[in-house]
Structures are given as C-alpha cells and as structure tokens.
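Step one of this worksheet: look at the structure below.
The values are calculated or read from the model by the stated rules, or taken from the named source; none is laboratory data. Note that the coordinates shown come from a computational prediction; the quantities given were computed from them, not determined experimentally. Glycine also receives a Cβ, built like all others from the backbone with ideal geometry; neighbour counts cover every protein chain displayed.
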Amino acid sequence: MLCSIIIPTKNRPIGLKSAVVSALKSLPKSSEIIVVDDGSSPSADSTLKEFMDERLRTIVNPGPHGPSQARNLGVKNAKGRTIFFLDDDDELLPHYCKGVIEKRHTLPDNCAYGHCSALHAKGSNGSQDRRRKQKTGVYDEKSSLDSRLAGLGMGFWIDRKAFQKAGGIDPNISVNEDTEFCIRLASAGLCSFYDAEAGVLLSLDGERPVGDQGSITRAVKAAERARGFEYIMTQHWEYLLGHPRFRRRFLTRAIKYRSRAKAWAGWKNFCMTIQPATDRVFCSTVGSGWLYISIIMRQIFSR
C-alpha cells in the first residue's frame, strides 16, 4: 500500500467531514484513510456514516486519550509505506499526497519525513498563503535545526518504518510534541523535505464551524506550555549542545510561560539540569532574576 492518511478526531463533526472529503480527493491509488476516534461525541462512525468508501475506516482509541496517542494508534494500524497526518479541522489540497509519493523516489534514502507550506482559511473571503522562509528542497544536518522542524498539521508525512523506529510521538507533553518528535528524527541522522507549494488548507479558531471544538493548543495552560519547553531541553540536552540559538530561544519561552502562569515551583531543579555549564549559570542567575521579577510584576498588575 502506498500511503495512509491518519486523521485523529475529537468533537469536530463538521470539520471531520470536510477533512475526509479532502483526503479522499488527495488519496493516491492503493492507499487508505484511517480516522481515529479519540472519544468524540457524536462518534466518528455516526458522523461518517454517509461515506461508503472501502478506502476509509474508523478505529476507536480506547485511551489514554490525546492527539499523540491517537496518531500513534493510527500508525500502528496503518498499512501504507508513507504516513500523512491531517488534523480534523484542516483539508488536504488535491495534488499534495500524490505529489509527495512521486517526489519520494527522487529523495535521498535518509530523507524520511517532510512538510509543506499551507493556505490559511479566511472564510468567504478566500484563502491566503502561509509560507515559511524556506525554499523547496532537502534539509540535512548542515541545515539549521529550525528548517527541519515540522508541525504535524503542516502536511506532515513520514516513512512508516522511520516513525516506528523513532518510537512514535511522545504522549508525555501536550504541546510542542511535534517539535520533540522532529528533534528525535534529526538526532537520528534523518533529513527532511520541505515543499514551498501549499499542500494543506488550515483553519483557525475564528473560522471553525459553530459546534466544533476549538484549538487544543490554545486551551493548554501556560504552566503546561512551559513544561513542554523544559521537557524538550531536558530530554535532548546532548543533541541540543550543537544548537545554542535554539536552546536559548526555548529557555526564553519557558521563562515567558512560567511568568504567565506565575509558576516558580521546580524552576531551580530545572536550572540544574541545563547543559552546558554556561547555560546553567545563565538560567540560575539571569533567568531566575527575570522570572522572579516577571512573576512579581504580574502579581502587582493583576490585583
């Protein structure tokens, strides 16, 4: 089987139908669509009962729930050589999956995953390009780490064996799990492919149909966002030694979200895990001072 399109879904019946219609239009021959019901109400089966297509099947995630576990379950049940991820409120453009399958034959053997530019849905006013400052091509270990990071909603595709070898998506964090996953792929020596031509149409909160669930990422509390940045820095400190700008940007974001959450607890313990020593000193001194002052200021202005 050429490819499998995995669509995790929860409480977005209207968006799910549109996502499935787009996936069917984009689906190459000898391929499949797997919808993973992550505890939806109404169920995905009832939402998709009008779709009588043997290429489409629905499975239920028994838990634990969450998009990472749902995607992992989808891949576990997939038969395709290439896995595509599609969010249940987005749409694949008709040419995209077939184009990736054709390009894969021309890519290096270690180019096992990729993503693309996207169109940003703007309701009745049409759509607008959402492009990264990257050119179409292969990005390897000589490229910046940022150029090899891909959001799972950005037309993300991956070789199924590479996904399994990497251990799947880490369910221990609820935000930036795609960043953590791509860092694992990059640290394993895999390079990525970026297509500057849009392959997916994205929806944001203000454009989703009434009745569909809003953004999960936006609903995540600031403390959980901070924990995601700190988790990545702790888990991958050795690989990130070669990427100082990336490390410091993530440290800045951890401080930013801890400040918003007014969360001091555990900060000193986190600072002690930072490598190299220069970053640990920066975290313990400048970082601690910045965080402390930010929390005090937020407490004052929130009275």
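Values computed for the structure shown
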{"item": "Candidates 44, 23 - the one that is among the aliphatic types (A, V, I, L, M), under 21 Å from the mean Cα position of the chain (by Cα) and over 18 Å from residue 181 (Cβ atoms)", "result": "23"}
{"item": "Condition broken by residue 226, with the remaining ones in (1) among the small types (Gly, Ala, Ser); (2) assigned by TED's automatic domain parsing to the domain that holds residue 283; (3) modelled with pLDDT of 95 or more satisfied", "result": "(3)"}
{"item": "From the options 148, 104, residue that is of a type in the set (Lys, Arg) and crowded, with 21+ Cβ neighbours inside 10 Å", "result": "148"}
{"item": "Lone unmet requirement of (1) crowded, with 17+ Cβ neighbours inside 10 Å; (2) in contact (Cβ under 8 Å) with a residue 60 or more places away in the chain for residue 73", "result": "(2)"}
{"item": "Boolean, residue 174 is assigned to a loop (DSSP other than H, G, I, E, B) and either free of Cβ contacts under 8 Å to residues at least 60 places away in the same chain or under 25 Å from residue 73 (Cβ atoms) (or both)", "result": "yes"}
{"item": "Tally of residues being among the small types (Gly, Ala, Ser) and over 13 Å from the mean Cα position of the chain (by Cα) across segment 143-165", "result": "4"}
{"item": "Residue count for segment 174-196, restricted to those that are surrounded by 21 or more Cβ atoms within 10 Å (Cβ to Cβ) and farther than 23 Å from residue 118 by Cβ", "result": "0"}
{"item": "Cβ-Cβ under 8 Å pairs, at least 6 apart or on other chains, segment 256-273 side within 25 Å of residue 302 (Cα to Cα), far side assigned to a loop (DSSP other than H, G, I, E, B)", "result": "258/264; 261/221"}
